[in-house]
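Student: Once you've had a glance at the structure underneath, I'll fire off some questions.
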Amino acid sequence: MKTKMKFFRLLILIGIFILSTTSTIMAQNNKTDLSNNSKKTPEERTAIIINKMTAKLTLNANQVPKVHDIILEREKQKDLDFASFKNDKEKLKQARIARNKKADDALKIVLDKDQYQALINWRKEAKQKKNNKTSVGPAPDNSADDI
């Protein structure tokens, strides 16, 4: 009788160990899957941004290729900046500000006043959402600036 109780206790402990190990491994796999998804090419990121901009700003057929070129140039420069300044956060921040200003100046020319104002409002909303999400967590990465 005592050996059966010991056997069942051992069996329960083994089961708990297997469940906790499995859940830990699954959680680690999910983290690596998410990090792999964030490694998109400049072309992939540009396509995503253009799709969102077309919907939000109602870009016309003449504007789409121009905006696409501006965003693609910015996204390529983003990768170059990260490769050059990945160990210097201040230079990376300065590069991001310069890159976004250059793209913004080009977008002002392509977009009409209403579209540009809608872009500004959309960026503000995205920044507010991000700040609300990360107010408890880690410091924000300013990815809302890349819209």
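What follows draws every value from the coordinates through simple rules; no lab data is involved. Source: prediction; values computed, not measured.
Student: Return the sequence-ordered ³J(HN,Hα) values of the stretch 74-82 in whole Hz as given by the Karplus equation 6.51 cos²θ - 1.76 cosθ + 1.60 applied to θ = phi - 60°, using x for Gly and Pro.
Tutor: 5, 5, 5, 5, 4, 5, 5, 4, 5
Student: Let me ask something additional. Take the alpha-carbon positions of the stretch 42-146, form their convex hull, and give its projected area averaged over all directions (one quarter of the hull surface) in nm².
Tutor: Values: hull surface 27.3 nm².
Orientation-averaged projected area of the Cα hull: 6.8 nm².
Student: Mind scanning Lys76/Lys124; Lys108/Lys129; Lys86/Lys130; Lys56/Lys124; Lys56/Lys108; Lys52/Lys133 and naming the pairs with a C-alpha gap bigger than 19 Å?
Tutor: Among Lys76/Lys124; Lys108/Lys129; Lys86/Lys130; Lys56/Lys124; Lys56/Lys108; Lys52/Lys133, the Cα-Cα distance tops 19 Å for Lys76/Lys124; Lys108/Lys129; Lys86/Lys130; Lys52/Lys133.
Student: Also, quick follow-up: Below 8 Å, C-alpha to C-alpha, sequence gap of six or more: please give me the relative contact order for the stretch 42-146 in percent.
Tutor: Once normalised by length, the contact order is 25 percent.
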